[in-house]
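Novice: Provided herewith is a single structure, encoded as structure tokens, for subsequent inquiry.
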Amino acid sequence: MSNQHINEVPKTYNPDEAEKHWYAFWEENGFFNSKPDDREPYAIVIPPPNVTGVLHMGHMLNNTIQDVLIRRARMKGYNACWVPGTDHASIATEAKVVGRLREKGIKKSDLSRDDFMKHAWDWTNEYGGTILKQLRKLGASCDWNRTRFTLEDDLYDAVIDTFIHFYDKGQIYRGLRMVNWDPEAKTALSDEEVIHKEVNSKLYHVKYAIKGSDEFITIATTRPETILADTGVCVNPNDERYKHLVGKTVIIPMVNREVPVIADEYVEMDFGTGCLKVTPAHDVNDYDLGQKHNLQTIDMFNADATVADHIGFFAGEDRFKARKLMVAELESSGLLVKTEDIKNKVGYSERTNAVIEPRLSLQWFLKMPELAKPALDNVMNDTIRFFPDKFKNSYRNWMENIQDWCISRQLWWGHRIPAWYYGDGENDYVVAKTEDEALAKAREKSGNSAVTVKQDEDVLDTWFSSWLWPITVFDGFKNPDGEEINYYYPTKDLVTAPEIMFFWVARMIMAGYEFKGKLPFKNVYYHGIVRDKQRRKMSKSLGNSPDPIDLIGQFGADGTRVGMLFSAPAGNDLLFDEALCEQGRNFTNKIWNAYRFLTMIMEEGKTYNPTLEIDSSFLPDVWMASRINRTVKEMENSFDQFRLSEALQKIYSLVWDDFCDWYIELIKPDVYGQKIDPARLERALGFFEVLMKLLHPFTPFISEEIWQRISSRKTEEALVVSLWPVSDESVIDDAVESKFKLFRELVSSIRNIRAENNIGPNVELELLIRTPNLDESLLTLIKKLQKLSSINIGSDFEKPARCGSALVQGIELFIPLDDHIDLDKEKERIEKEVQRLQGFLKSIQGKLSNDKFVNNAPEAVVEKERKKMQDTIDSIEKLNQSLKELG
């Protein structure tokens, strides 16, 4: 195999050039593509982003993690399949389309459904797919031939079939219920789509007159505008203050409506005034009270949360404007007793950020308790594992208190509900997939062969399609016993954010057990939310979120990926700092420069064959082999726990600290310009190839670039499909690593003495080492890295009067410095080291004085701490002696 000489290797790494070249190479050669075969599958499905969305920092983190996992799986020999796709995102997309039409002077209400859908598809076709193109720049190795869309025909059919399936089982029903109403999107939302925020509010105390009496009863409310829809006042039956009023009539201010005073233990006597205004149409608890006590229900708001005409006051005014007007009226009429400043929780739409309005509405619901049971059981018993497992608690709490799912949305963009109406009666409808089927069913149900049918105008909740994603992407509904679904399902890992645990993860698990009788994935890894250094969630509105594409342009895809992962401890929110991407770019430069150095010491025209056959007599080879195999083993443990940041730190340290800073230095020729022993360089290249393999999931571009430069490769020998290293535990040598650690510390101490005394690296020094013996191989390596006139080893010589000194693992180093020493600096250095060791000693003594630790920790652990304590005491004594000698 031929190698590239230094003259052919650019001085600096060009990430943009490498990224374009290698991504095209991978795609053209089908390395990301997957088809069922006899290998074990490893499938992951992308959390589908909004079809018209663009890449943000959350996507960047999520897809970097997925790409690390899929690239490693591919290298481990699995049939790796990463399925990409997009979500039609009903509310978000329809809002965008309505906004675009508004700019053109067109109202949605002026269009037919078909005309509106044409505009929506035009928008989708124009902007859809942008985010998938952006993921390519990140290096995402998806099987793009498998790209799916939740509104494509096959997936559309699956959603409609699912609705019919549950309706036929009696689990879908239609009913008038209090729902979370988004007045901006003009649609109902599920409980999971409501974000509760603590806000500053006001509590208004208002008095209502008791009919036929001079007495008043005072209620407290945060929503005085809804007084206009009150139909009752409720007190606790045990409240002595109000017992005499139960059964009497109060008069609602302004509207002068006469309503009863009712008694119910639901009311808390010590909350507010102990009197509750009851507005059944605008509060879920009031609705329940109203049903229980047969109170009238008056809906005072239109769909956009403006006051309805029939109320008689503030017609057409927004609810918040109506609140101000109502307070002014109450004040002027003397009915406003007082106003308090309070904090309370208010629900906001997860999509539009509008304040949610509780509203009675005829909606479609899916019964959840039966579906939830297997989904709860199989997470709690670890059939499906959560990483980190702390999320099991919130999952269990939600699942044990699950409410029926409101699945209808008052939108046009989405999967249209397959309900067909043939009359005005409450049950004058049928559920069917096509109009012809519906017509036949309606005529049979009504007994009237002349009836016509009209389809429900509403669509299904977006999550009602995405909960089927692990099944539908493999055509599990279209071909329930097909090769694809049988081979790839269940998938292996799911990577997502905990904020959609209930929206998506829980429901996918339910769907998996309902339709396939088994789990949809084996592991769920929850990564954190991307936050800025002030711990604020990154968002466009705050202006604190960088554009991921700009980051890639500035730091390269590999540098940006490294920066994201360095920020991301498993399961915790990550504090993103661009400096970490800069660190990632510096890392890629370090790797490039290491490769350049290896080519620099090649003999021109000579071919070098990378090998892992080490020279057992050369300590750096044995040490490097041990370090690599230990790191492979440790990385496996990190990957098993989804500690990707930890795995990256291990390979980062192996490359930067071990290979670049030490191993390369030790294989350099002794004399500048001298050619290196070819066998030694081939071993270095062999190690470097292994490092490229370990780096590839994290930094795919530079690792492939260097892999292809080290040797001429056939297409099928590309790094992306090379075999992942396997740890050989027989090569891991604790004694060798300990010996090399001693060598590093000895050299570092000599370097420190030089630095502290401003002695350049080319100045020859005499080295005295006070120890009975020291391995000859260490002396050879020390001489390699330090310019020394002599090395004297022994235990009986006197310490020079003026010298630089260090204590390394009980070994004393002295460097005579008569011509160089700064006495005050040397004293200061030793005093600082004594202070450090005294602090360390104090912490060890604290641990050993803790009876709980001494009595419960393994004996070997306690003994190790005792040894550390004694070694530290000995070191302090030696350093104090050095100070004494300095005078």
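Novice: Quick one: count up the residues across segment 704-736 that are open to solvent by 30 Å² or more (accessible area, probe 1.4 Å), part of a helix (DSSP H, G or I) and not hydrophobic (A, V, I, L, M, F, W, C).
Specialist: Within segment 704-736, residues that are open to solvent by 30 Å² or more (accessible area, probe 1.4 Å), part of a helix (DSSP H, G or I) and not hydrophobic (A, V, I, L, M, F, W, C) number 8.
Novice: Could I ask something else about it? Tell me whether segment 219-235 contains one or more residues that are free of Cβ contacts under 8 Å to residues at least 24 places away in the same chain and farther than 19 Å from Val327 by Cβ.
Specialist: No.
Novice: Which residues, counting only those in segment 85-112, are of a type outside the set (S, T, N, Q) and part of a loop (DSSP other than H, G, I, E, B)?
Specialist: Within segment 85-112, His88, Ala89, Lys104, Gly105, Ile106, Lys107, Leu111 meet the criteria.
Novice: (1) over 22 Å from Glu705 (Cβ atoms); (2) part of a helix (DSSP H, G or I): which one isn't true of Ile628, the others all being true?
Specialist: (1)
Novice: Looking only at segment 415-467, which residues are among the aliphatic types (A, V, I, L, M), open to solvent by 10 Å² or more (accessible area, probe 1.4 Å) and in a loop (DSSP other than H, G, I, E, B)?
Specialist: Hits for segment 415-467 are Ala450, Val451, Val453.
Novice: Also, quick follow-up: Determine which member of the set Asp532, Asp558, Asp550 is of a type in the set (Asp, Glu), exposed (fewer than 15 other Cβ atoms within 10 Å of the Cβ) and over 25 Å from Phe386 (Cα atoms). Reasoning before the result, please.
Specialist: Details: Asp532 fails: exposed (fewer than 15 other Cβ atoms within 10 Å of the Cβ); Asp558 fails: exposed (fewer than 15 other Cβ atoms within 10 Å of the Cβ).
When all the criteria are applied, what remains is Asp550.
Novice: Can you tell me which residues in segment 631-650 are closer than 17 Å to Gln66 by Cα and part of a helix (DSSP H, G or I)?
Specialist: Passing the criteria: Met635, Glu636, Ser638, Phe639, Asp640, Leu644, Ser645, Glu646, Ala647, Leu648.
Novice: Could you look through segment 480-502, keep only residues that are open to solvent by 10 Å² or more (accessible area, probe 1.4 Å) and assigned to a helix (DSSP H, G or I), and pick out the one that is nearest to Glu370 (Cα to Cα)?
Specialist: Phe502
Yes/no matrix, rows are residues, columns are (1) in contact (Cβ under 8 Å) with a residue 40 or more places away in the chain; (2) open to solvent by 10 Å² or more (accessible area, probe 1.4 Å):
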{"site": "Gln66", "(1), (2)": "yes, no"}
{"site": "Ile70", "(1), (2)": "yes, no"}
{"site": "Ala92", "(1), (2)": "yes, yes"}
{"site": "Ala95", "(1), (2)": "yes, yes"}
{"site": "Val98", "(1), (2)": "no, yes"}
{"site": "Leu101", "(1), (2)": "no, no"}
{"site": "Ile106", "(1), (2)": "no, yes"}
{"site": "Ser109", "(1), (2)": "no, yes"}
{"site": "Ser112", "(1), (2)": "no, yes"}
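Novice: Those residues that are farther than 18 Å from Met178 by Cα and either loosely packed, with under 15 Cβ neighbours inside 10 Å or among the polar types (S, T, N, Q) (or both), I need them from segment 393-409; list them, please. Steps first, please.
Specialist: To start, the set of residues in segment 393-409 that are farther than 18 Å from Met178 by Cα comprises 393-400.
Answer for segment 393-409, where residues must be farther than 18 Å from Met178 by Cα and either loosely packed, with under 15 Cβ neighbours inside 10 Å or among the polar types (S, T, N, Q) (or both): Asn393, Ser394, Arg396, Asn397, Glu400.
Novice: Then there's this: Count, please, the residues in segment 780-790 that happen to be out of contact with any Asp or Glu (no Cβ under 8 Å at 6 or more places or on another chain), open to solvent by 30 Å² or more (accessible area, probe 1.4 Å) and in contact (Cβ under 8 Å) with a residue 12 or more places away in the chain. So that I can check it myself, show each step before the final result.
Specialist: In the first step, residues of segment 780-790 are kept if they are out of contact with any Asp or Glu (no Cβ under 8 Å at 6 or more places or on another chain); the result is 780-783, 786.
Adding the requirement that they be open to solvent by 30 Å² or more (accessible area, probe 1.4 Å) leaves 780, 783.
Right, trim to in contact (Cβ under 8 Å) with a residue 12 or more places away in the chain and you get none.
So the count comes out to 0.
Novice: Pro10 - would you say it is part of a loop (DSSP other than H, G, I, E, B) and buried (at least 23 other Cβ atoms within 10 Å of the Cβ)? Spell out the reasoning first.
Specialist: Values: part of a loop (DSSP other than H, G, I, E, B): yes; buried (at least 23 other Cβ atoms within 10 Å of the Cβ): no.
Judged against the criteria, Pro10 is not a match.
Novice: Return yes or no: is Lys277 assigned to a strand (DSSP E or B), within 20 Å of Glu331 (Cβ to Cβ) and open to solvent by 40 Å² or more (accessible area, probe 1.4 Å)?
Specialist: In short, no.
Novice: If I go through segment 764-779 residue by residue, how many of them are surrounded by fewer than 13 Cβ atoms within 10 Å (Cβ to Cβ) and either under 26 Å from Arg630 (Cα atoms) or in contact (Cβ under 8 Å) with a residue 24 or more places away in the chain (or both)?
Specialist: Pass one, segment 764-779, residues surrounded by fewer than 13 Cβ atoms within 10 Å (Cβ to Cβ): 764, 772-773, 775-776.
From the residues that got through so far, the ones that are either under 26 Å from Arg630 (Cα atoms) or in contact (Cβ under 8 Å) with a residue 24 or more places away in the chain (or both) too are 764, 775-776.
The total comes to 3.
Novice: A further question follows. Conditions: (1) in a loop (DSSP other than H, G, I, E, B); (2) open to solvent by less than 60 Å² (accessible area, probe 1.4 Å); (3) in contact with a strand residue (DSSP E or B) (Cβ under 9 Å, 6 or more places away or on another chain); (4) farther than 21 Å from Asn180 by Cα. Val255 meets all but one. Number of the miss?
Specialist: Answer for Val255: the failing condition is (3).
Novice: Right, here's the next one. Looking only at segment 146-169, filter to residues that are without any contact (Cβ under 8 Å) to a residue 24 or more places away in the chain and in a loop (DSSP other than H, G, I, E, B); which one of those is farthest from Gly53 (Cα to Cα)?
Specialist: Lys169
Novice: List pairs: first residue in segment 114-139 and over 19 Å from Leu411 (Cα atoms), second residue acidic (Asp, Glu) anywhere in the structure, Cβ distance under 8 angstrom, at least six positions apart or on different chains.
Specialist: Matching pairs, first to second residue: Lys137/Glu19; Leu138/Asp67; Gly139/Glu19; Gly139/Asp67; Gly139/Asp558.
Novice: Would a scan of segment 857-869 turn up a residue that is surrounded by fewer than 12 Cβ atoms within 10 Å (Cβ to Cβ) and touching a residue at least 24 places away in the same chain (Cβ under 8 Å)?
Specialist: no
Novice: Being touching a residue at least 40 places away in the same chain (Cβ under 8 Å) and under 30 Å from Leu654 (Cα atoms): is that true of Ser805 here?
Specialist: yes
Novice: Something else about it: Is it fair to say Ile830 is out of contact with any strand residue (DSSP E or B) (no Cβ under 7 Å at 6 or more places or on another chain) and surrounded by 11 or more Cβ atoms within 10 Å (Cβ to Cβ)?
Specialist: Yes, satisfied.
Novice: Here's a follow-up. Filtering segment 196-217 down to residues that are under 37 Å from the mean Cα position of the chain (by Cα) and among the polar types (S, T, N, Q), which residue is farthest from Val255 (Cα to Cα)?
Specialist: Asn200
Novice: Then there is this: So is Arg836 open to solvent by 60 Å² or more (accessible area, probe 1.4 Å) and either under 22 Å from Gly804 (Cβ atoms) or of a type in the set (Lys, Arg) (or both) or not?
Specialist: Details: open to solvent by 60 Å² or more (accessible area, probe 1.4 Å): yes; either under 22 Å from Gly804 (Cβ atoms) or of a type in the set (Lys, Arg) (or both): yes.
In short, yes.
Novice: Criterion first (open to solvent by 40 Å² or more (accessible area, probe 1.4 Å), in a helix (DSSP H, G or I) and closer than 25 Å to Ala89 by Cα) does Trp412 satisfy it?
Specialist: In short, no.
One line per residue, one yes/no per condition, for (1) over 22 Å from Leu785 (Cα atoms); (2) over 27 Å from the mean Cα position of the chain (by Cα):
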residue: Leu666; (1), (2): no, yes
residue: Phe687; (1), (2): no, yes
residue: His696; (1), (2): yes, no
residue: Pro700; (1), (2): yes, no
residue: Glu705; (1), (2): yes, yes
residue: Ser712; (1), (2): yes, yes
residue: Glu717; (1), (2): yes, yes
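Novice: Inspect all residues belonging to segment 75-84 and state whether any of them is assigned to a helix (DSSP H, G or I) and of a type in the set (Lys, Arg).
Specialist: No - not one qualifying residue is present in segment 75-84.
Novice: Next up: List pairs: first residue in segment 716-728 and in contact (Cβ under 8 Å) with a residue 12 or more places away in the chain, second residue charged (D, E, K, R) and open to solvent by 50 Å² or more (accessible area, probe 1.4 Å) anywhere in the structure, Cβ distance under 9 angstrom, at least six positions apart or on different chains.
Specialist: Leu719/Arg713; Leu723/Lys76; Trp724/Lys76; Ser727/Arg630; Ser727/Lys633; Ser727/Glu634
Novice: Determine if segment 115-132 includes at least one residue that is touching a strand residue (DSSP E or B) at 6+ places or on another chain (Cβ under 9 Å), hydroxyl-bearing (Ser, Thr, Tyr) and over 30 Å from Leu565 (Cβ atoms).
Specialist: Yes, some residue in segment 115-132 is touching a strand residue (DSSP E or B) at 6+ places or on another chain (Cβ under 9 Å), hydroxyl-bearing (Ser, Thr, Tyr) and over 30 Å from Leu565 (Cβ atoms).
Novice: So which of Asp558, Asp532, Asp547, Asp493 is closer than 26 Å to Asn33 by Cα, of a type in the set (Asp, Glu) and under 18 Å from the mean Cα position of the chain (by Cα)?
Specialist: Asp493
The values are calculated or read from the model by the stated rules, or taken from the named source; none is laboratory data. Since this is a predicted model, take the numbers as computed values, not measurements. When we count neighbours, we look across all protein chains shown, and the Cβ atoms used for this are built from the backbone with ideal geometry, even at glycine. Accessible surface areas use protein heavy atoms only, side chains included; no ligands, DNA or RNA. Shrake-Rupley method; radii C 1.70, N 1.55, O 1.52, S 1.80 Å.
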